[in-house]
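The values are calculated or read from the model by the stated rules, or taken from the named source; none is laboratory data. This is a predicted model, so every value here is computed, not measured. So basically every Cβ, Gly included, is an ideal-geometry build from the backbone, and we count neighbours across all protein chains shown.
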């Protein structure tokens, strides 16, 4: 049963769209501020995810923050034993030493294992203003035994993109779009319907900002969405009883508002780039 909540929140629309002005991702810097302030967090609504469905999901951590709950600022997912897929805006302007990857934990309570990063591969066509090509690969310094998620290949795209297809989104981001203290300690998920790009680009929605290399999903009436802190995480669907990766959490307006659907990088459009990035 679906619950109505905002999964991955924003401080405000301006904060979600301010990547151009900042040298580092705002989520990354917010993690350090939370640790300095030791804020008391209150979880507002939501549903805990089934950890068995998201073993391949990882938390990206601000390596300067010693507590994983405060350090988490974005998500990613294993696509090979040594490669994590995420959004370009989660790693732009950051060095390998500034980030670590938390694996094997669905709750940010000190469980799991952190792995160092060997190399960050940012898409060279990434545009921080339009969020075009918002995709990056993190190559780890050590291998893991975690089975990767299967990502949708270009040749099979026609099996996915249909209006109202159930899209599963998950993350540790804000559960209240107007409270920076609503960060979730446990991994949460939601189910939202896919929308056509024509619907996404209407003047009362995202007004022609959703490109062909993106897709959007969400309820017309709002309520369920992804938000600040969920960036880089997965948008999956079920095919033949198996989860398939369709997208990467990329951008949006204030989370959960009517017709302000969440926007995702369309992974199937990057098959060749992904294979090259993984091989580095």
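Please enumerate the residues belonging to region 70-87 that are surrounded by fewer than 24 Cβ atoms within 10 Å (Cβ to Cβ) and either touching a helix residue (DSSP H, G or I) at 6+ places or on another chain (Cβ under 9 Å) or assigned to a strand (DSSP E or B) (or both). Give the steps one after another, and end with the answer.
Restricting attention to region 70-87, the residues satisfying the condition of being surrounded by fewer than 24 Cβ atoms within 10 Å (Cβ to Cβ) are 70, 78-83.
Result: 70, 78, 79, 80, 82, 83.
Determine which member of the set 277, 205, 217 is surrounded by 15 or more Cβ atoms within 10 Å (Cβ to Cβ) and modelled with pLDDT of 95 or more.
When all the criteria are applied, what remains is 277.
Among 173, 223, which is the only one that is at pLDDT below 85, under 30 Å from residue 32 (Cα atoms), out of contact with any helix residue (DSSP H, G or I) (no Cβ under 7 Å at 6 or more places or on another chain) and surrounded by fewer than 21 Cβ atoms within 10 Å (Cβ to Cβ)? Working first, answer last.
Values: 173 fails: surrounded by fewer than 21 Cβ atoms within 10 Å (Cβ to Cβ).
Matching residue, one of 173, 223: 223.
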